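Taking it in order: structure first as structure tokens, then the write-up.
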Amino acid sequence: MRDTLRVGFVGTGGIARGQHMPGWIGLPNTEITAVCDVSEEAAAKGAEVAGVDKGHIYSDYEKMLDKEDLDIVDVCTPNSYHMPPTVAALEAGCHVIVEKPVATSADEVRQMIAARDKSQKLLCVVQNMRFSDEAIAAKQIVEEGGIGDPYWAKAEYLRARGVPAWGAFIVKELSAGGPCYDIGVHVLDLALHLMGFPEPVSVSAGTWLEISNKPSVMQHDPKRYTVPEELAAGFVRFENGACVSLAASWALNAPGNQNQVAVYGTRGGVQMFPFTYVKEEHDVMFNCTPQVFGKKGLGGHAEEIRRFVDAVTGRGPVPVPPEQALITQRILDGIYRSAEEGAEVEV
Ligand SMILES: NC(=O)c1ccc[n+]([C@@H]2O[C@H](COP(=O)([O-])OP(=O)(O)OC[C@H]3O[C@@H](n4cnc5c(N)ncnc54)[C@H](O)[C@@H]3O)[C@@H](O)[C@H]2O)c1
């Protein structure tokens, strides 16, 4: 293996430039050597942030994969375009890290896993919420048995007013879904991560579009964008008897934004916002609120990218394996299917 790993980007929009590139640049043993974006402007901006020469800017990822000798490809395209470049990069012999939601259907995720297996390379999904210091501590508490057996979790990412006003999030052909894919996937993934990814059995859910198109709520240009849904809420059952209650909104008549990931078990519970650990000992329930954090990681994207490089260089596991993202995707598929059918569905 080379001393310095060569990284190529597919998609150099907001998240690539704002979070991924600084993450790679901060590492000693990686170098962004090529960028690709269908938008000339986004590609040029990405190349500037990453310090990539003009000769290594592409508008077609197949060409980039063909011409560049890359070790890793970082896929930051809109949701509907995660699968094709991921599969192409794996087939070209690269390790791949791809943004959330991993894809737009469980079938797509299975194709990505099959390509990963065939290539013998690594595939990692970005779920940056797992890598905050709080989430790392919560995971350790749960793994050490600090909450006993988890049996119920609440995963909520509720914006009172926050329909995206631009971009790929509200173009259904690009996003494939609304707040469930955009932000619900973050809290669902974190809840499942803390619970140890139990096997899901069924989902009962609804989706709503009631208020986003009122002038008082609307932030988007209705001639250009169509909101797929503004709220998705559901209840997920797992094989081990555990359940998760999930809700994600871009617009809701609620007193402000409400984010929560809380996992409750037989001996205690962890709640992420704000981070609190409740435990029962000697018939007394203690409420442990952290005072000071010893810094564990770089936080979010940068920490996940660092861990992915560790995996590529044989120093650790893939931080978010696609098998876990497949479980999340099956639940998201189930939410939309259940809402459409108006009934509980098997996942
Ligand atoms: N983890 C997070 O916190 C987080 C935050 C924001 C976005 N995201 C995810 O990141 C992805 C990108 O979001 P964004 O906000 O950067 O969107 P964006 O619209 O700013 O950027 C996407 C870029 O991909 C380019 N693109 C589209 N199709 C392409 C193709 N076939 N080949 C090459 N480039 C192509 C577009 O031109 C655009 O520049 C989405 O999947 C989104 O869900 C994650």
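Filtering region 152-173 to residues that are touching a helix residue (DSSP H, G or I) at 6+ places or on another chain (Cβ under 8 Å) and over 17 Å from Met218 (Cα atoms) leaves Ala153, Lys154, Ala155, Glu156, Tyr157, Glu173.
Among the residues of region 241-273, those that are touching a Gly at 6+ places or on another chain (Cβ under 9 Å) and either under 18 Å from Phe197 (Cα atoms) or at pLDDT below 95 (or both) comprise Val244, Ser245, Leu246, Ala262, Val263, Gly265, Thr266, Val270. For region 304-313, check the following and say yes or no: at least one residue is surrounded by fewer than 19 Cβ atoms within 10 Å (Cβ to Cβ), part of a loop (DSSP other than H, G, I, E, B) and assigned by TED's automatic domain parsing to the domain that holds Ala115. For region 304-313, residues surrounded by fewer than 19 Cβ atoms within 10 Å (Cβ to Cβ), part of a loop (DSSP other than H, G, I, E, B) and assigned by TED's automatic domain parsing to the domain that holds Ala115: present.
Return the pair list, or none, for Cβ contacts closer than 6 Å from residues in region 35-59 that are among the aromatic types (Phe, Trp, Tyr) to residues that are within 11 Å of the ligand (Cβ to nearest atom), at least 6 apart or on different chains. Within 6 Å, the pairs are Tyr58/Cys36; Tyr58/Met64. Checking each residue in region 38-59 for being under 30 Å from Gly178 (Cβ atoms) and touching a strand residue (DSSP E or B) at 6+ places or on another chain (Cβ under 8 Å) picks out Ala43, Gly46, Ser59. Take the residues in region 58-80 that are surrounded by fewer than 21 Cβ atoms within 10 Å (Cβ to Cβ) and under 20 Å from Gly14 (Cβ atoms), then tell me which one is nearest to the ligand (Cβ to nearest atom). Looking at residues that are surrounded by fewer than 21 Cβ atoms within 10 Å (Cβ to Cβ) and under 20 Å from Gly14 (Cβ atoms), I get Pro78.
Got at least one residue in region 142-150 being surrounded by fewer than 24 Cβ atoms within 10 Å (Cβ to Cβ) and under 27 Å from Gly23 (Cβ atoms)? Yes, region 142-150 has at least one match.
Residues checked against (1) touching a strand residue (DSSP E or B) at 6+ places or on another chain (Cβ under 7 Å); (2) within 26 Å of Leu332 (Cα to Cα); (3) in the same structural domain as Gly206 (by TED's automatic domain parsing):
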{"position": "Thr226", "(1), (2), (3)": "no, yes, yes"}
{"position": "Gly241", "(1), (2), (3)": "yes, yes, yes"}
{"position": "Ala247", "(1), (2), (3)": "yes, yes, yes"}
{"position": "Val261", "(1), (2), (3)": "yes, yes, yes"}
{"position": "Gly268", "(1), (2), (3)": "yes, no, yes"}
{"position": "Asp283", "(1), (2), (3)": "no, no, yes"}
{"position": "Phe286", "(1), (2), (3)": "yes, no, yes"}
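Residues of region 123-135 include at least one that is touching a Phe, Trp or Tyr at 6+ places or on another chain (Cβ under 9 Å), surrounded by fewer than 24 Cβ atoms within 10 Å (Cβ to Cβ) and assigned to a helix (DSSP H, G or I).
Report whether or not Ala155 is within 16 Å of the ligand (Cβ to nearest atom) and either under 21 Å from Phe286 (Cβ atoms) or not in a loop (DSSP other than H, G, I, E, B) (or both). Against the criterion (within 16 Å of the ligand (Cβ to nearest atom) and either under 21 Å from Phe286 (Cβ atoms) or not in a loop (DSSP other than H, G, I, E, B) (or both)), Ala155 qualifies. Considering region 175-189, and only residues there that are at pLDDT 85 or above and aliphatic (A, V, I, L, M), the residue that is surrounded by the fewest Cβ atoms within 10 Å (Cβ to Cβ) turns out to be Ile183.
Restricting attention to region 279-298, the residues that are surrounded by fewer than 18 Cβ atoms within 10 Å (Cβ to Cβ) and within 30 Å of Lys121 (Cβ to Cβ) add up to 2. Restricting attention to region 1-12, the residues that are at pLDDT 95 or above and either more than 9 Å from the ligand (Cβ to nearest atom) or surrounded by fewer than 19 Cβ atoms within 10 Å (Cβ to Cβ) (or both) total 5. Count of region 158-188 residues, restricted to those that are of a type in the set (Phe, Trp, Tyr) and assigned to a loop (DSSP other than H, G, I, E, B), is 1.
Do we have Gly300 as under 15 Å from the mean Cα position of the chain (by Cα) and at pLDDT below 95 here? Considered against the rule, which asks whether it is under 15 Å from the mean Cα position of the chain (by Cα) and at pLDDT below 95, Gly300 comes out as yes.
The values are calculated or read from the model by the stated rules, or taken from the named source; none is laboratory data. On a predicted model such as this, the values are computed, not experimentally measured, just so you know. Every residue, glycine as well, gets a Cβ built from its backbone with ideal geometry; the counts of neighbours run over all protein chains shown.
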